1. With only alpha-carbon atoms in the gyration tensor, what are the semi-axes of the equivalent ellipsoid for chain A, in Å, largest first?
2. Rounded to two decimals, what is the ratio between the C-alpha radius of gyration of the range A:178-290 and 2.2 N^0.38 Å?
3. Compute the helix-to-body angle for B:16-28: its Cα long axis versus the longest principal axis of chain B, expressed 0 to 90° and rounded to tens.
4. Percentage of Cα-Cα pair distances in the range A:283-379 greater than 16 Å, rounded to whole percent?
5. What number, rounded to the nearest 500 deg cm²/dmol, is the helix-based mean residue ellipticity at 222 nm of chain B, given -39500 (n - 2.57) per DSSP H run of at least four residues and division by all its residues?
6. How high is the relative contact order of chain A? Use alpha-carbon pairs under 8 Å, at least six apart in sequence, and give a whole percent.
7. Please compute, over every Cα-Cα pair in the range A:5-116, the percentage with a separation greater than 26 angstrom.
8. Mind sorting B:247, B:111, A:125 by how few other Cβ atoms lie within 10 Å of their own Cβ, fewest first?
């Protein structure tokens with residue numbers, strides 16, 4: 001099949017390149033992740049050992065660039081021009097690329113440097129000669145363009161292989177590791193600012209997330225649930241798609257309110273949520289739970305409180321925000337565009353379920369006793385079984 | 001599933017017959033009233049006739065009626081007189097005004113026009129004396145709403161207007177405006193008798209569609225924007241003839257029956273209050289809101305059932321087929337660090353506690369509300385409130 005190439009990208013990875021025997025697994029995961037997100041487009045991902053290529057045969061390059069900019073594992077990428085193997089063609093392609101950049105520069109002038117590489121030794125000129133010859137042609141052809149080998153505005157890469165590949169400045173990717181290479185995790189997702197950021201941070205370390213959200217209708221509104229679905233939609237592309245479990249939690253909350261001393265209600269509720277997340281982890285084959293807690297932010301986020309809430313599960317509980325300030329968290333939320341959704345005003349009517357003076361340093365064995373006595377097993381299992389499961393694909397659903 | 005609409009103060013169900021008529025008008029009188037051919041003339045005649053009928057119903061002159069897109073626009077045209085530099089000075093508003101007046105006044109305040117608020121008494125009424133206290137030699141614009149959308153409290157705009165007009169010995173009287181949007185169809189309105197300088201009305205509160213409203217002006221004002229000079233330049237833009245004719249039609253149908261409708265609403269509201277007062281801890285807002293109080297609309301009942309959050313109760317009632325509304329959203333804050341306290345401004349002015357405000361709902365009635373619906377509502381609300389209270393311990 002003779003397919004017309006619409007765009008061609010070079011992809012650079014960071015940490016994956018450092019991996020030892022597992023490298024192939026990381027690389028395979030990255031390729032799959034890119035392909036999954038480009039569903040519906042004709043694309044091929046090739047390469048390995050720190051350098052990958054994406055060839056796009058259909059669709060809008062802007063879509064592909066958006067995907068590359070938000071696929072974990074990618075450190076940088078650049079749109080590559082491909083030219084035939086003669087200096088005439090190489091110069092023409094490079095000139096086209098540079099002319100665009102010069103025009104875009106505010107001053108109308110630009111310095112550049114050529115890094116040439118020749119793997120096809122049958123090509124007439126060697127790397128040095130390619131650079132000199134091409135530099136000469138380009139500076140003569142394009143007004144405002146100068147050579148600066150020390151601090152160029154633009155490094156121009158020219159590689160002579162089966163064909164000649166030419167690219168200019170690179171765009172940055174998000175870094176991190178390909179989602180999935182660290183296994184699966186269960187994210188406790190609320191409608192707030194923190195938990196989406198925590199999920200994003202763990203996905204960045206290669207954890208593929210499913211999310212659980214606790215819905216206490218009619219005490220929490222359907223708008224609050226819609227807001228969480230929306231947050232999952234924002235996270236889904238980063239995560240390569242996402243399963244969201246909406247757990248009906250009213251019965252459990254009411255039972256807690258009935259059976260638990262007021263000041264312990266919040267902690268017991270958090271522990272119950274953790275236990276449901278544990279059930280999800282078992283079913284989904286996850287290796288960890290993820291929560292958006294930051295030390296000392298609220299009563300349930302003290303060391304003593306977390307010792308207890310974490311004690312109902314033997315999975316590790318990842319809390320990537322633990323040492324972050326609110327401002328730092330908000331900055332990340334803004335960057336990943338969850339912030340605007342997180343601050344929508346559909347809050348829980350949690351005044352009913354949150355005590356005025358919650359415990360901040362619970363007695364460990366005492367609070368464990370309260371939890372056992374509350375006897376939530378049946379409610380928690382039922383809540384998990386009755387969860388509404390929503391799958392959100394990694395690409396826009398409307399297309 | 002039963003379906004009972006008890007949120008008439010938010011918007012009234014449309015009048016199907018009047019809408020049909022509007023549909024016919026849209027098809028048969030599509031000419032631009034400004035055009036000089038027969039299509040235009042035909043439309044212009046209908047426009048003039050509608051204006052005349054509306055003026056008669058409100059007891060004013062046809063040339064004092066200006067058609068707008070609704071209450072907010074009507075209010076804005078009046079306030080814009082200050083911004084346009086036609087009038088200078090300060091603004092006096094009631095402390096419980098609707099956001100379309102209150103927010104507009106705030107915007108004026110930011111632009112440098114001092115805004116003063118007249119505070120109501122405990123019963124929610126602004127006395128002429130209280131208005132005079134907030135009044136100064138600088139006051140240029142006064143805006144007091146006729147009927148409060150949340151509480152149903154009716155202000156004695158006529159007495160307030162008279163007191164303020166006479167305050168400077170009849171010299172340089174301020175412009176006195178009333179937002180009468182909620183009053184249309186609920187209170188008898190006689191503009192000649194009310195003696196205000198301007199008043200706002202909105203069609204959708206009485207069965208006409210959204211997008212048609214009235215601004216009554218005793219004397220013309222400057223328009224907020226410029227255009228083809230329609231509505232004497234006060235509100236340029238090709239006239240919404242279907243909307244205007246439907247509005248005239250529903251007003252013609254509803255206004256003559258107002259006493260009948262009020263009597264029905266009084267009976268139903270009394271029954272509501274009788275039924276709901278069986279619920280322990282119920283609060284009626286304002287507290288003096290007995291069914292037959294002359295200064296509270298029989299069509300609106302604001303009540304509170306602490307500790308049940310109004311928002312939760314509204315959701316449950318909606319699931320059971322009853323549409324009511326809450327003025328106040330839950331004031332809790334899910335996100336620490338950025339506490340968002342949503343306090344109901346109107347209820348706070350009336351001295352209602354934050355918890356009572358948070359637990360409040362508004363039930364509003366209309367001419368089509370049936371006695372059986374009220375009975376069924378009382379029964380359902382009593383049961384559901386009991387259940388929630390039990391759940392919450």
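1. Values: eigenvalues 559, 78, 66 Å².
Rounded to whole Å, the semi-axes are 53, 20, 18.
2. Values: Rg = 14.4 Å, N = 113, 2.2 N^0.38 = 13.3 Å.
Against the empirical 2.2 N^0.38 Å value, I get 1.08 for the range A:178-290.
3. Tilt of helix B:16-28: around 30 degrees.
4. On the way: 3247 of 4656 pairs.
Of all Cα-Cα distances in the range A:283-379, 70 percent exceed 16 Å.
5. Working: 13 runs with 155 residues, N = 393.
Here the helix-only value at 222 nm equals -12000 deg cm²/dmol.
6. Working: 760 pairs, mean separation 67.1, N = 399.
Over chain A, the number comes to 17 percent.
7. Summing the P(r) tail past 26 Å for the range A:5-116 gives 31 percent.
8. On the way: B:247 29, B:111 9, A:125 16.
The most exposed by this proxy come first: B:111, A:125, B:247.
The numbers here are math on the coordinates, done by the rules we state, and not lab data. This is a predicted model, so every value here is computed, not measured. With ideal geometry, Cβ positions are generated from the backbone for all residues, glycine too; neighbour counts draw on all protein chains shown.
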